[in-house]
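See structure below.
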Amino acid sequence: MGDDMDITGAASGAVDAFLSETNLYLAPDPVIMNNHGLEPRTAYEDECISKESDPVRLEIVRERILAGVNESFEMLENMGAAPGAKWGDCVSAVYTESGDLSLASSGGVVIFCNLVQYPIKFIRKYWSKDKTVGINEGDVFIVNDARYGQAHNTDQSMMMPVFHEGKIVAWAGATVHEGENGAIEPGGMPSLAEQIWDEGLKMSPFKVAENYTLRRDLVTFLQNSVREPKLQYADMKVKMYVCRRIETRIHEAIAEYGVEAVVAALRMNLEDTDAEVRRRLKEWPDGTVRHSWWTDGTLRENVQIKINLELTKKGDELTFDYRGSSPEFTNRSNNSLDITVKGMLAQLFLTFIWPDIPRNQGVLAPVNFIFDNPSVLKPGFGTPSAQSMMTVFTAWSAGQVATMKFLYSNPHKYTRVLAPWFNMINTFLFGGLTQHGEMVGNVCADINGMGGGALADRDGEHGCAPIFATMSDIGEQEFIEEEVPFIQIVSKKMMKDNQGFGRQRGGMGYQMVLAMRDSDAFGFMLTAMGAKFPNIPGLFGGYGCPTYPLARIRGVNVFEILKNDPASFRYSIEELMNERPFPDAQYSTHPMTLGYTLAQRGELYMIAQGTGGGFGDPLERAPADVMRDMDEGLISDDVAWRIYRVVYNKETLHVDEAATAKARDEARRERIAKSKPFDAFCKEWVKDKPSGKVPYFGSWDDKTMVHAGDPDKLHPAGQVVPPVVMAHPLQVKIDKLEAELAECRKSGNR
Amino acid sequence: MKVFFTAALTIDLDKETWECAGCGHELGSARDNYKKGLLVRDREPSEIHAPVLDAERYEFTFAPDGDWCRILEYCCPECGRLAEVEYLPPGHPPAHDIDLDIDALKTQWAAREPLSEPALGPEFVAPPHSH
């Protein structure tokens, strides 16, 4: 007696069974969520591969299924009701029986389907054996809670098992950025969310259709929980039929090639991708590239948030070490789940580095990740993450810069080295009653208009594509205006000097000037960083983007002005704000983080999309290219001289080559004269802590210790006690005003 | 043998040194931080990203805030070519951004043909019209 209880064998099994059957809450399973790699090959996959291993035949099967997936993607884009579906923020895919993403559609958002592996694995592990749920042919499951495997809660995925002769042989999946999800603000990306319960729908993976038929009781519950009930129903039907089309095409492939060939093709696609990525990684130099970046807010207040990356490549493996990044914000929504970071980086490899690699999760099999737990990139279970883009996009861009520094020297490349793409969602979210009396809440397709980074021999593309979906669209403005009660008076017009300067310049961002017109209850919100600290750098001597504010003109109805005095209107943010053509209006600028605000008819909301980073020394930019930008109205005389040092005739744009060469030589000499040797510079420049002028979160010079807002206090990374809880911004304002009032009263009593 | 490591920096594998890709000026040991061989200048960010909106009237102008951000420019001490631009909070230590295993690099390149210029990668070929 007195010995520890030793439970082994059958007794141990009974304890495990008891615990698993009496689990009171099936939260996301860490065994599933912490593994981004491939599941082990199953016995059945082994059997199929032993029968079907001819790579040519498997490639034919693979292409056959991919054609079906691409067809289903076309359906999704053309039939989807959400703006996200219409403009390409969606994806469809095939998964192995184990749940690994094997074939994503050629268009669409890879991160979305990369993350669907997790809910499928959850469904397999928990619902297949549960008598109250089960997995049968014709079942369809749905999920939107990012903690079970989504990029963020505004996306909704549906998943369908594909059966053959009574056995699951694959899974079909479809995901759409649906937008509205019943959160505290319309549009599905609530920056006001202080708790996870402010984030709207929290669909853990559950069965929503049986025998290929949606259960109307569940659909009604979901419709009842969001602001766009018709959209909710419409897109559930669309996603289910997209899955059915994939199922049909898989069944056809089985009929033609046999089930063994299909199962072997799906599995070998993963293993071959893993092997090819390892082969390509071996071509990279071994070493570590370090890159830190800072976002400048939580969407509720401006604070400096560090994203710290050490990327190490050794042999055929790559390790993203994000330790030293900011602590989590326990009552703010700008935290990103680690699975979201991983999924975005899959997108980096599959679209920006190896676009020829099959789009599946084998690309991340040789990649390791390290995060502080908890931190802003791996928050706790109860921490909001609805606005994960605020940190995941920065983490992605840090990865883009670091990988490009590994890639440039490689003699054999699969695409070209690129300066950072613009990475922030400089677009409007909207919500309210439309001119048709419908309640809506969603996002403008301008989210897809991010400027492309410059290449070594080519300028970046203007307003090209978002970092998460390289083949999406920015939409037709007139078409959009038929559905919503606001217009873009200035739309898709490049903003002068909004350029990532360099030998090759970044693709520029356009400006948007909006006014609400035809609704008694409609509003806008904005959820972007980068009004204090730029969002992206340049590369190899190129500069990054500028900062981006929201500009507003209130106390005006521009529709009356356009009707009665159209000549007074100005068609750029710069002219409208600097010339102030409307005498009685109020002009103001703000960070691009507007909480949902009801709009008055005809008042102006103005923002600009961002530019991609520049590549190389701007003083080496061909003067003819500078003049082409001048001719196209992309840059001012000031930039042509101050940044590019081109001497030219302002009437004819004829370049004085000799004078330009002389001016550039002088500029280089001035650079040298005004600079200092690195070590001497660092002695003066480097401080042992943040300045204290700005609340700072994250490591400074030691990634094991982090600041949590106080420049004088450090915490071990991942162990910030007490956790970061931000004060309500209105309370901060009230406290400040009350202090001022108290001071005034004190002075008055003297 | 030279390795074109960035658009502005090469590595001489035989000498194990960083060099300016523009003028060939030697910048120090390739086993060390290349920045030690460059000159640095701290720039007020609005000198590069100038305000688009009237800074007298507005707090947010499209120019970064100098209390939040500084721009460090690294140039070759010989030819003045801009090799790297680093955006940092004031006083933050600059990164040792490229930290290589030079022995592994030498082994890797021992099996490769030397390049006379950087390999840019495949040309973009537009797909043919299909309608």
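The values are calculated or read from the model by the stated rules, or taken from the named source; none is laboratory data. Being a predicted model, the structure only gives us computed values, none of them experimental. For neighbour counting, all protein chains shown are included, and Cβ atoms are generated from backbone atoms with ideal geometry for every residue, glycine included.
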Inspect the range A:440-457 for any residue being acidic (Asp, Glu), under 25 Å from A:Met495 (Cα atoms) and out of contact with any strand residue (DSSP E or B) (no Cβ under 8 Å at 6 or more places or on another chain) and give the result as yes or no.
no
Among A:Leu433, A:Leu455, which is farther than 18 Å from A:Asp89 by Cα and in contact with a Ser or Thr (Cβ under 6 Å, 6 or more places away or on another chain)?
A:Leu433
Kindly provide the set of residues from the range A:597-649 that are crowded, with 20+ Cβ neighbours inside 10 Å and within 18 Å of A:Arg671 (Cα to Cα), ordered by number.
A:Gly616, A:Asp617, A:Pro618, A:Leu619, A:Arg621, A:Val639, A:Ala640, A:Ile643, A:Tyr644, A:Arg645, A:Val646
Residue that is surrounded by the fewest Cβ atoms within 10 Å (Cβ to Cβ), among those in the range A:349-365 that are assigned to a loop (DSSP other than H, G, I, E, B) and not hydrophobic (A, V, I, L, M, F, W, C):
A:Asp356
Restricting to the range B:75-91, and then to whatever is more than 7 Å from every other protein chain (Cβ to nearest Cβ) and touching a Pro at 6+ places or on another chain (Cβ under 9 Å), can you tell me which residue is nearest to B:Val40 (Cα to Cα)?
B:Glu86
Strands (runs of 3 or more DSSP E) within the range B:1-71 that include 3 or more residues within 22 Å of the chain's Cα centre (by Cα), more than 7 Å from every other protein chain (Cβ to nearest Cβ) and buried (at least 19 other Cβ atoms within 10 Å of the Cβ):
B:9-12, B:17-20
Within the set of pairs 6 or more residues apart or between chains, which connect a residue that is in the same structural domain as A:Gln117 (by TED's automatic domain parsing) and acidic (Asp, Glu) inside the range A:163-179 to a residue that is surrounded by fewer than 22 Cβ atoms within 10 Å (Cβ to Cβ) and not in a loop (DSSP other than H, G, I, E, B) with Cβ atoms less than 9 Å apart?
A:Glu165/A:Val259
Considering each of B:Leu82, B:Leu120, B:Leu115, B:Leu72 in turn, give the residue that is without any contact (Cβ under 8 Å) to a residue 12 or more places away in the chain and more than 19 Å from A:Leu311 (Cα to Cα).
B:Leu120
Quick check on my filter: what residues within the range A:399-439 are buried (at least 24 other Cβ atoms within 10 Å of the Cβ) and within 17 Å of A:Pro546 (Cα to Cα)?
A:Ala419, A:Pro420, A:Trp421, A:Phe422, A:Asn423, A:Met424, A:Ile425, A:Asn426
Taking the condition surrounded by fewer than 18 Cβ atoms within 10 Å (Cβ to Cβ) and over 26 Å from A:Lys342 (Cα atoms), does A:Asp54 pass?
yes
Considering the range A:480-516, residues that are assigned to a loop (DSSP other than H, G, I, E, B) and more than 14 Å from chain B (Cβ to nearest Cβ), and then whichever is surrounded by the most Cβ atoms within 10 Å (Cβ to Cβ), we arrive at A:Gly507
Counting only residues that are more than 28 Å from A:Trp354 (Cα to Cα) and in a loop (DSSP other than H, G, I, E, B), which one in the range A:281-310 is nearest to the other protein chains (Cβ to nearest Cβ)?
A:Asp296
Would you mind stating whether B:Ala110 is within 20 Å of A:Gly613 (Cβ to Cβ) and either surrounded by fewer than 17 Cβ atoms within 10 Å (Cβ to Cβ) or at the interface with chain A (Cβ under 7 Å from one of its Cβ atoms) (or both)?
no
Restricting attention to the range A:57-92, and to residues there that are in contact with a Ser or Thr (Cβ under 6 Å, 6 or more places away or on another chain) and among the β-branched types (Val, Ile, Thr), which single residue is farthest from A:Ala469 (Cα to Cα)?
A:Val69
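Taking A:Asp446 as the residue in question, decide whether it is touching a residue at least 40 places away in the same chain (Cβ under 8 Å), out of contact with any Pro (no Cβ under 8 Å at 6 or more places or on another chain) and surrounded by fewer than 22 Cβ atoms within 10 Å (Cβ to Cβ).
no
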Checked A:Leu407, A:Leu418, A:Leu455, A:Leu433 against criteria (away from chain B (no Cβ under 13 Å) and aliphatic (A, V, I, L, M)); the one match is A:Leu433
Collect the residues in the range A:605-642 that are part of a loop (DSSP other than H, G, I, E, B), within 13 Å of another protein chain (Cβ to nearest Cβ) and under 31 Å from the mean Cα position of the chain (by Cα), keeping them in residue-number order.
A:Gln609, A:Gly610, A:Thr611, A:Gly613, A:Gly614, A:Gly616, A:Asp617, A:Ile635
With the structure loaded, tell me whether A:Asn360 is among the polar types (S, T, N, Q), farther than 30 Å from A:Pro722 by Cβ and in contact (Cβ under 8 Å) with a residue 40 or more places away in the chain or whether it fails that test.
yes
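Can you tell which of A:Ala667, A:Ala663, A:Ala673 is hydrophobic (A, V, I, L, M, F, W, C), farther than 26 Å from A:Ser326 by Cα and surrounded by fewer than 13 Cβ atoms within 10 Å (Cβ to Cβ)?
That would be A:Ala673, the only listed residue that is hydrophobic (A, V, I, L, M, F, W, C), farther than 26 Å from A:Ser326 by Cα and surrounded by fewer than 13 Cβ atoms within 10 Å (Cβ to Cβ).
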Within the range A:633-653, residues out of contact with any helix residue (DSSP H, G or I) (no Cβ under 7 Å at 6 or more places or on another chain) and free of Cβ contacts under 8 Å to residues at least 24 places away in the same chain come out as A:Asp637, A:Trp641, A:Arg642, A:Asn649, A:Glu651, A:Thr652
Tell me which of these B:Ser130 doesn't satisfy, since it passes every other one: (1) over 22 Å from A:Ala419 (Cβ atoms); (2) over 20 Å from the mean Cα position of the chain (by Cα); (3) at pLDDT 95 or above; (4) assigned to a loop (DSSP other than H, G, I, E, B).
(3)
Residues of the range A:517-537 being more than 24 Å from the chain's Cα centre (by Cα) and crowded, with 24+ Cβ neighbours inside 10 Å, which ones?
none
With (1) touching a residue at least 60 places away in the same chain (Cβ under 8 Å); (2) in contact with a His (Cβ under 9 Å, 6 or more places away or on another chain); (3) more than 8 Å from every other protein chain (Cβ to nearest Cβ) as the list, and A:Arg552 as the residue in question, which single condition is left unmet?
(1)
Residue satisfying all of: in the range A:220-247; touching a residue at least 24 places away in the same chain (Cβ under 8 Å) and of a type in the set (D, E, K, R); surrounded by the most Cβ atoms within 10 Å (Cβ to Cβ) among these:
A:Lys239
Residue check, A:Gly718 within 14 Å of chain B (Cβ to nearest Cβ) and touching a residue at least 60 places away in the same chain (Cβ under 8 Å)
no
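Can you find a residue that is within 14 Å of another protein chain (Cβ to nearest Cβ) and assigned to a helix (DSSP H, G or I) anywhere in the range A:527-537? Walk me through it before giving the result.
Restricting attention to the range A:527-537, the residues satisfying the condition of being within 14 Å of another protein chain (Cβ to nearest Cβ) are A:528-537.
After this cut, where a residue has to be assigned to a helix (DSSP H, G or I) as well, the list is none.
No, the conditions are met nowhere in the range A:527-537.
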List the residue pairs whose Cβ atoms are under 9 Å apart, where the first residue sits in the range A:672-685 and is within 14 Å of B:Ala83 (Cβ to Cβ) and at the interface with chain B (Cβ under 7 Å from one of its Cβ atoms), the second is aromatic (Phe, Trp, Tyr) and outside any helix (DSSP H, G or I), and the two are 6 or more positions apart or on different chains.
A:Ser675/B:Tyr74; A:Phe678/B:Tyr74
